[in-house]
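Single-structure report; data block below.
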Amino acid sequence: MSEKFDVIVVGAGPAGTACAYTCAKNGLNVLLIERGEYPGSKNVMGGVLYRKQLEEIIPEFWKEAPLERPVIEQRFWMLDKESVVQFGYKGLEWGQEPYNNFTILRAQFDQWFAKKAVEAGALLINETVVKECLVEDGKVVGVRTDRPDGDLFADVVVLADGVNSLLGKQLGFHKEFRPDEVALTVMEVINLPKDKINDRFNLSENQGCTIEIFGDSTKGNLGTAFLYTNKESLNIGVGTTLSSMTKAKLRPYDLLDHLKTHPMVKPYLEGGESAEYLAHLIPEGGYRSVPKVAGNGVVVVGDAAQLVNAIHREGSNMAMSSGKMAAEAIIQAKNDGDYSESSLNRYREALYDSFIIKDLEKYKDAAHTFEKHPQYFNDYVPMMNQAASKFFTVDGTPKREKQKQIMQSITKEKGRIKVLQDLYRAWKAVK
Amino acid sequence: MHIVVCVKQVPDTKIIKINPKTNTLDRRSAPAILNPFDAHAVQEAVKIKKRIGGTVSVLSMGPPQAVAIIKNSIEIGADRGYLISDRAFAGADTLATSYALSKALEKIQEEMPIDMVICGKHAIDGDTGQVGPGIARRLDIPPVTNVIEVTEVNHKEKKVLIKRKQINGYEVIEAQLPCLLTVEKEVNEIEYAPMPNMIKAARYEPTVWSVNDLNDVDKAQLGLKGSPTVVGKMFTPPKPEGGKRLEGTSDEQVRELVTLLAEKKNLFNFDVNNS
Amino acid sequence: MEEYSGVWVFIEVDEEKNIEGVSLELLGAGRALADKLNVPLAGVLLGDNIRGLANQVIYSGADTVYVVDHPVLNLYRTEAFMKAVILLAEKYKPEIFLYGATPNGKDLASAIATDLSTGLTADTTMLDIDLEKRLLEASRPAFGGNIMATILCKKHRPQMATVRPKVMKALQPDDSRLGKIIEEELELREEDMRTKVLEIVKDVTKKANLADAHVIVAGGKGLGDQQGFQLIHELAETIGASVGGTRDVIEAGWLPHELQIGQTGETVTPKIYFAIGISGAIQHVVGMKNSEIIIAINKNPEAAIFDVATYGIVGDAHEIVPKLIQQFKGISKGDLSYV
Ligand SMILES: Cc1cc2nc3c(=O)[nH]c(=O)nc-3n(C[C@H](O)[C@H](O)[C@H](O)COP(=O)(O)OP(=O)(O)OC[C@H]3O[C@@H](n4cnc5c(N)ncnc54)[C@H](O)[C@@H]3O)c2cc1C
Ligand SMILES: Cc1cc2nc3c(=O)[nH]c(=O)nc-3n(C[C@H](O)[C@H](O)[C@H](O)COP(=O)(O)OP(=O)(O)OC[C@H]3O[C@@H](n4cnc5c(N)ncnc54)[C@H](O)[C@@H]3O)c2cc1C
Ligand SMILES: Nc1ncnc2c1ncn2[C@@H]1O[C@H](COP(=O)(O)O)[C@@H](O)[C@H]1O
């Protein structure tokens, strides 16, 4: 008696919703299942949404989506105990159409995005957990939910269930993630009046700023921290790989506390009120961890397929693009009446042909390199700070002499060869 | 048996935040939900339907977004949903609300006679519990408030047997149909809705009426105009002053406390419990 | 509107013909309002064979008692009571009319407000008068108790409110007080009633205990876990007290829900209230702040509970409570040497 859908999408995050939206827009009968109270209720993100990939799905989305601020300035901080070296870019062109990227709050964004999918014709069911895929003759034919009479059937099941994709694991597409393949990130939303934010970050109406923080923010472990501006709140967060966290015996909320009370960070937060505290995993295994993404009657998209570029904090955009590519393959499969792995592999081909896998491949060694060689975080960030301090301190020493002293102090500590080695290794990892 | 349940969309007061400057609700912090008592009301109607058959309708007054809670009611097992939504209804207190809802009930009655109306004990945003009895008066049917059990429904003889919560216990009441009940949370446990209901709800579109769709409405009795009560000021409750802090080591503090309480020791019931 | 005058209180009577505590409290509060307005205070007494209670209403503060005595009014039923009250209100036109926020009081007030087309403020916890405008200022918790709102009824009479039990103070009964008793006749027939009370079942569970308890030991999330909460039971048992808890404790499943104290739970007024590991959130405090002596034990010196405590101990419950138990056990054995 259970009715059959063309597509069942598990998980209403950016990946699943993009897929459901695209399928529904093209007339497919789509069911989107989300375990949260509503889409986004439990979803976490630092908060930078890239314009390009969503625009390809919903043109001019910025006119209606619940966005916080367009980002017009991106800063990078090399943080030491009591100092910071910073650089960045601020450009007013990013404050106008078509914009570069935006800060968002996921609880609101995901709800809006899912509403678009519903308007396009998808059926959304919340508060329902998909327990497993139903498999017949080596083919995924539907899902089993935790509700009474809860089996549902479809030609294609889309696994968009996020970083810890239990469903993908059940199908044997990937194994349990290793602790060095995922980062545990904690973040807090801190309410702060608009005027204060604009003053402290030197912004005008409807301008946003992002700060990526390296170094002391993670107490020298592999990972990063961030501080982003929303309309009337700040998102601050920090994360490291699970493996470094265990190795250094760190507790995530201690790291966040450390960051919030850091003398370079604290003045930005002063007087703010904590509104929400969130923790989430980020897949950081990169290229080498991407699992099988298509099977008979099933595809895997977004974080569930480990599609995150940790270095450029890109994830939601890759999630959306992968969702869209999967949808296109499914639409084609429907036209052909063929939902086999080889038919759905069109999605895999598109993915590997796109910026997503190309970017991941480019950085395939980065995380590994930085994790193995903690000197990048432990030594060089403080060194940069010392060097900057020396350079900018006016004490009568000629500048040329200063530069020489700086180079000497660096190579004295590490040895010239070692520095060169490190530089080369780092370049290779991100080249 | 046709049961109509009145359901209201409310902000979730569990996670509500108040803007300390303006003393208003921070809407961003408060997702809108189906009033928890009304969820139990729908569940009870569905339970009665399962026992003796019939139709369960739900009725809500609110902005267009209130469609969401009508869908929630369909998930629980309601068959039909009606939303009355119009600027004319806005700003209503309980008197104006019960008037508007009773007019909608009269209209539903034209489609199918109503045997029972069920409301929640109260809505968690207003916390008044006045709308239910108000509707009963307007429809001139007997109200039974604070219901903790619907023991028996006899549609043929037009009788129901009910347990009603009282200050120190409960009463067993027999009421004639049609009647209006307001239910406590104890009345039932919300069941985890089966998948077919979920899919039905996702597709469901309720009937939406504006004020002009209702019959013989006296607009002066609606919304802000029809509401005798107004909110004067809002203020944070005065903070009481603290009493005495005991000092010293924990042993000293405990000893001092027991000394201070010694004169009250006749209150302590040592004999009964301390063998 | 000028023809409306006087403050009225609905006198609720239980099936054993005792006046409910809340009605006596309202006579106390009503007295203050009536004095401010310089008008009489009246009680409305309905039931079967309850004339005899009228004097008690006067002793507790009323100047007048309106009585309707009729067999059909034996037990509370909306239809019957409503008819009687409306008869009186339309005839004598009070400007203010208060009811206890009990199941019957709320039910009755809602029905009457509908028929008289007037405003009704629910669950009031503070009452005052704006003398200039002769307006009742009825204040109540709003938005889940985070804030108070004052509700006014400017253009309709009577101004009506239901008032929470145990927040107003009853007067000391004074049997030298004199007053008027006015009895009204009303035609009521049992055959016209559409509801019947078949049975009344008294609940003698802990819940009733909690409301009447002289001593309550209440615990909060600060006890850590269900295991830690045993300390509360132990202390309560030692001194023969009842046990209560905060909503967080009930939600964690450490106590059954009828033992929740606070805005969405029970309001209690014991002689002694121990608040152990309780932060003192306003929603909890409204349910216990009228206790005679409040003892707070909390390891956070800034905890809000200390603002309402008579005696405060800053310290770890796991250390303090066992010591308290030990000391109390000492007393019970008659060994008062160190007290
Ligand atoms: C702290 C943090 C900061 C980040 N910052 C950025 C950033 O600034 N920019 C950026 O682009 N990316 C960022 N990311 C990455 C980004 O959040 C993810 O890449 C993106 O959310 C992936 O989308 P998704 O749809 O694949 O997964 P998710 O967003 O995780 O969605 C998965 C959905 O599936 C649901 N679900 C899971 N299992 C089931 C089940 N069994 N049944 C039903 N439903 C299920 C979940 O409830 C969830 O709604 C960040 C991540 C974190 C944790
Ligand atoms: C609409 C609404 C209605 C509500 N209704 C109610 C209600 O009826 N009743 C109610 O109680 N709450 C109610 N609440 C919840 C209320 O706001 C608080 O969340 C709740 O009272 C907090 O419970 P708690 O004090 O046990 O826990 P917490 O707030 O977690 O406080 C624990 C306290 O224990 C202290 N502590 C920790 N460890 C120790 C130790 N070892 N020794 C000593 N002290 C320690 C801590 O310092 C802290 O002060 C309501 C909330 C809302 C929004
Ligand atoms: N706007 C509304 N729409 C539908 N039902 C309502 C509405 N307001 C109140 N009710 C019903 O009346 C009950 C009591 O509400 P209240 O008197 O506001 O506490 C609720 O539990 C609902 O069943």
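The values are calculated or read from the model by the stated rules, or taken from the named source; none is laboratory data. It should be emphasised that the depicted structure is a prediction, and the values quoted were computed from it without experimental measurement. Cβ placement follows ideal geometry from the backbone for every residue including glycine, while neighbour counts extend to all protein chains displayed.
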Considering only residues that are at pLDDT below 95 and more than 16 Å from C:Ile272 (Cα to Cα), look in the range C:235-248 and name the one that is nearest to the chain's Cα centre (by Cα).
C:Arg247
Selection count where residues are surrounded by fewer than 24 Cβ atoms within 10 Å (Cβ to Cβ) and either away from chain C (no Cβ under 13 Å) or among the aliphatic types (A, V, I, L, M) (or both), scope the range B:124-158:
10
Among A:Asn235, A:Asn309, the single one that is polar (S, T, N, Q), at pLDDT below 95, crowded, with 19+ Cβ neighbours inside 10 Å and within 29 Å of A:Lys324 (Cβ to Cβ) is A:Asn309
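Conditions tested, residue by residue: (1) at pLDDT 95 or above; (2) within 13 Å of ligand 3 (Cβ to nearest atom); (3) part of a helix (DSSP H, G or I).
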residue: B:Val42; (1), (2), (3): yes, yes, yes
residue: B:Lys47; (1), (2), (3): yes, no, yes
residue: B:Val58; (1), (2), (3): yes, yes, no
residue: B:Val67; (1), (2), (3): yes, yes, yes
residue: B:Ile70; (1), (2), (3): yes, yes, yes
Restricting to the range C:107-162, what's the tally of residues that are more than 7 Å from chain B (Cβ to nearest Cβ), part of a helix (DSSP H, G or I) and within 16 Å of ligand 3 (Cβ to nearest atom)?
4
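Just wondering, is there one or more residues in the range B:28-38 that are among the basic types (Lys, Arg), more than 30 Å from C:Thr118 (Cβ to Cβ) and modelled with pLDDT of 95 or more?
For the range B:28-38, residues among the basic types (Lys, Arg), more than 30 Å from C:Thr118 (Cβ to Cβ) and modelled with pLDDT of 95 or more: absent.
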Would you call A:Val85 in a strand (DSSP E or B), buried (at least 18 other Cβ atoms within 10 Å of the Cβ), at pLDDT below 95 and not assigned by TED's automatic domain parsing to the domain that holds A:Asn206?
yes
Could you list, in sequence order, the residues of the range A:212-229 that are among the β-branched types (Val, Ile, Thr) and within 20 Å of A:Glu284 (Cα to Cα)?
A:Ile213, A:Thr218, A:Thr224
How many residues, within the range A:392-429, are of a type in the set (A, V, I, L, M, F, W, C), loosely packed, with under 14 Cβ neighbours inside 10 Å and either closer than 20 Å to A:Asp365 by Cα or touching a helix residue (DSSP H, G or I) at 6+ places or on another chain (Cβ under 7 Å) (or both)?
3
Any residue at all in the range B:163-177 that is over 30 Å from C:Arg140 (Cα atoms), of a type outside the set (A, V, I, L, M) and more than 16 Å from ligand 1 (Cβ to nearest atom)?
yes
Here are the criteria: (1) crowded, with 19+ Cβ neighbours inside 10 Å; (2) more than 17 Å from A:Phe173 (Cβ to Cβ). Tell me which single one A:Asp379 does not satisfy.
(1)
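One line per residue, one yes/no per condition, for (1) under 20 Å from the mean Cα position of the chain (by Cα); (2) surrounded by fewer than 22 Cβ atoms within 10 Å (Cβ to Cβ); (3) of a type outside the set (A, V, I, L, M); (4) at pLDDT 90 or above:
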site	(1), (2), (3), (4)
A:Asn164	yes, yes, yes, no
A:Lys169	no, yes, yes, yes
A:Phe177	yes, yes, yes, no
A:Asp180	yes, yes, yes, no
A:Arg200	no, yes, yes, yes
A:Ser204	no, yes, yes, yes
A:Gln207	no, yes, yes, yes
A:Asn221	yes, no, yes, no
The residue that is nearest to B:Gly169 (Cα to Cα), considering only those in the range C:255-299 that are more than 16 Å from ligand 3 (Cβ to nearest atom) and among the hydroxyl-bearing types (Ser, Thr, Tyr), is C:Thr267
Counting residues that are more than 16 Å from ligand 2 (Cβ to nearest atom), within 19 Å of A:Val48 (Cβ to Cβ) and β-branched (Val, Ile, Thr), which strands (runs of 3 or more DSSP E) fully inside the range A:230-329 reach at least 2?
A:233-241
Close pairs (7 angstrom Cβ cut-off, 6 or more residues apart or separate chains): at negative phi and among the hydrophobic types (A, V, I, L, M, F, W, C) in the range B:110-126, away from ligand 1 (no atom under 16 Å from the Cβ) and part of a loop (DSSP other than H, G, I, E, B) anywhere
B:Ile114/B:Pro178; B:Met116/B:Leu177; B:Met116/B:Pro178; B:Ala123/B:Lys8; B:Ala123/B:Asn35; B:Ile124/B:Asn35
Please work out which residue is farthest from ligand 1 (Cβ to nearest atom), limiting yourself to the range C:181-233 and to residues that are part of a strand (DSSP E or B), away from chain B (no Cβ under 12 Å) and more than 30 Å from C:Val68 (Cα to Cα).
C:Ala218
With respect to the numbered conditions (1) at positive phi; (2) at pLDDT below 90, which one is the sole condition not fulfilled by B:Leu267?
(1)
Please find, within the range B:86-96, the residue that is modelled with the lowest pLDDT out of those that are more than 11 Å from every other protein chain (Cβ to nearest Cβ) and within 10 Å of ligand 3 (Cβ to nearest atom).
B:Ala92
How many residues of the range C:157-178 are crowded, with 19+ Cβ neighbours inside 10 Å and over 18 Å from the mean Cα position of the chain (by Cα)? The answer is 3
Matching option when the condition is free of Cβ contacts under 8 Å to residues at least 40 places away in the same chain, of a type outside the set (Lys, Arg), within 12 Å of ligand 2 (Cβ to nearest atom) and at the interface with chain B (Cβ under 9 Å from one of its Cβ atoms), among C:Gly280, C:Gly312, C:Gly240, C:Gly330
C:Gly312
Residues that are within 25 Å of C:Leu108 (Cα to Cα) and of a type in the set (A, V, I, L, M): list the strands (runs of 3 or more DSSP E) wholly contained in the range B:152-257 that include at least 2 such residues.
B:159-166, B:169-176, B:179-183, B:229-235
Somewhere in the range A:94-110, is a residue crowded, with 21+ Cβ neighbours inside 10 Å and either more than 21 Å from A:Glu232 (Cα to Cα) or within 16 Å of ligand 2 (Cβ to nearest atom) (or both)?
no
Could you list, in sequence order, all residues of the range B:108-142 that are at pLDDT 95 or above, of a type in the set (A, V, I, L, M) and not in a helix (DSSP H, G or I)?
B:Met112, B:Ile114, B:Met116, B:Val117, B:Ile118, B:Ile141
